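J.: Sharing a structure, written as structure tokens. Questions coming.
The values are calculated or read from the model by the stated rules, or taken from the named source; none is laboratory data. Everything numeric here is computed off the predicted structure, so don't read it as measured data. Neighbour counts are summed over all protein chains in view; Cβ atoms, including those assigned to glycine, are modelled from backbone coordinates with ideal geometry. Areas reflect the complete protein model, heavy atoms only, side chains present, ligands, DNA and RNA absent. Shrake-Rupley method; radii C 1.70, N 1.55, O 1.52, S 1.80 Å.
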Amino acid sequence: MAEAYEADPIGVNRQIVDEYRANGGNVAQFGGPSRMLLLTTTGARTGQMRTTPMMYLTDGDRLVVYASNMGSRRHPAWYHNLLAHPDVSVEVGSERFDATAVATDGETRERLWRLFPFPEHQSQTRRQIPVIVLTRRP
């Protein structure tokens, strides 16, 4: 899967999104909806909707995602999108809801960063990996 992702990340993400939606959030190789969500952002430049599968954790009633981009030197595109348009859509399993995305800082970021299961991603890059909280909108 890693080799396929490196060769065609957009195609692999599209396959994961399709499988996720077809199976109520269950994607065999990623542990199902308890570990993965779909985040739909509005493109910062294009205004087009973009859906990205990603791992998440919970912090109370908020969801937490990490813009690690696997330790790449650049932030992932979805991060730039949500900075420009923080109103996002989230899918967890078969549930879909609107949320507001906020990049954390200070003590909150540090506390949530300690939960991230791949801390080695930070050592692979000079940029500080953003930690984002997704809060459900009423």
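J.: Check off (1) open to solvent by 80 Å² or more (accessible area, probe 1.4 Å); (2) outside any helix (DSSP H, G or I); (3) farther than 26 Å from P138 by Cβ; (4) not small (G, A, S) for M70 and give me the number that stays unchecked.
T.: So the condition that M70 fails would be (2).
J.: Answer with yes or no whether T135 is open to solvent by 40 Å² or more (accessible area, probe 1.4 Å), assigned to a strand (DSSP E or B) and at pLDDT 95 or above.
T.: Numbers: open to solvent by 40 Å² or more (accessible area, probe 1.4 Å): yes; assigned to a strand (DSSP E or B): yes; at pLDDT 95 or above: yes.
So T135 fits the description; yes.
J.: Give the residue that is farthest from the chain's Cα centre (by Cα), with candidates limited to residues of the stretch 10-23 that are exposed (fewer than 12 other Cβ atoms within 10 Å of the Cβ) and at pLDDT below 90.
T.: Looking at residues that are exposed (fewer than 12 other Cβ atoms within 10 Å of the Cβ) and at pLDDT below 90, I get G11.
J.: In this structure, does R45 turn out to be among the basic types (K, R), open to solvent by 30 Å² or more (accessible area, probe 1.4 Å) and within 21 Å of P9 (Cα to Cα)?
T.: Details: among the basic types (K, R): yes; open to solvent by 30 Å² or more (accessible area, probe 1.4 Å): yes; within 21 Å of P9 (Cα to Cα): yes.
Answer is yes for this residue.
Each row is one residue, and each column tells you yes or no for (1) part of a helix (DSSP H, G or I); (2) open to solvent by 30 Å² or more (accessible area, probe 1.4 Å); (3) touching a Gly at 6+ places or on another chain (Cβ under 9 Å); (4) at negative phi.
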residue	(1), (2), (3), (4)
T52	no, no, no, yes
V65	no, no, no, yes
H75	no, yes, no, yes
L83	yes, yes, no, yes
V102	no, yes, no, yes
T108	yes, yes, no, yes
R111	yes, yes, no, yes
Q122	yes, yes, yes, yes
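J.: Let me confirm something: among G47, G93, G71, which residue is modelled with pLDDT of 95 or more and of a type outside the set (S, T, Y)? Talk me through it step by step, then tell me what you get.
T.: Values: G93 fails: modelled with pLDDT of 95 or more; G71 fails: modelled with pLDDT of 95 or more.
Testing whether each residue is modelled with pLDDT of 95 or more and of a type outside the set (S, T, Y) leaves just G47.
J.: Hey, another quick one. Which count do you get for residues in the stretch 51-103 that are more than 13 Å from the chain's Cα centre (by Cα), under 15 Å from R127 (Cα atoms) and of a type in the set (G, A, S)?
T.: Residues that pass the stated criteria total 2.
Residues are listed down the side, and each one gets a yes or a no for (1) touching a residue at least 12 places away in the same chain (Cβ under 8 Å); (2) over 26 Å from A22 (Cα atoms):
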residue: Q48; (1), (2): no, no
residue: D59; (1), (2): yes, yes
residue: H75; (1), (2): yes, yes
residue: G93; (1), (2): yes, no
residue: G106; (1), (2): no, yes
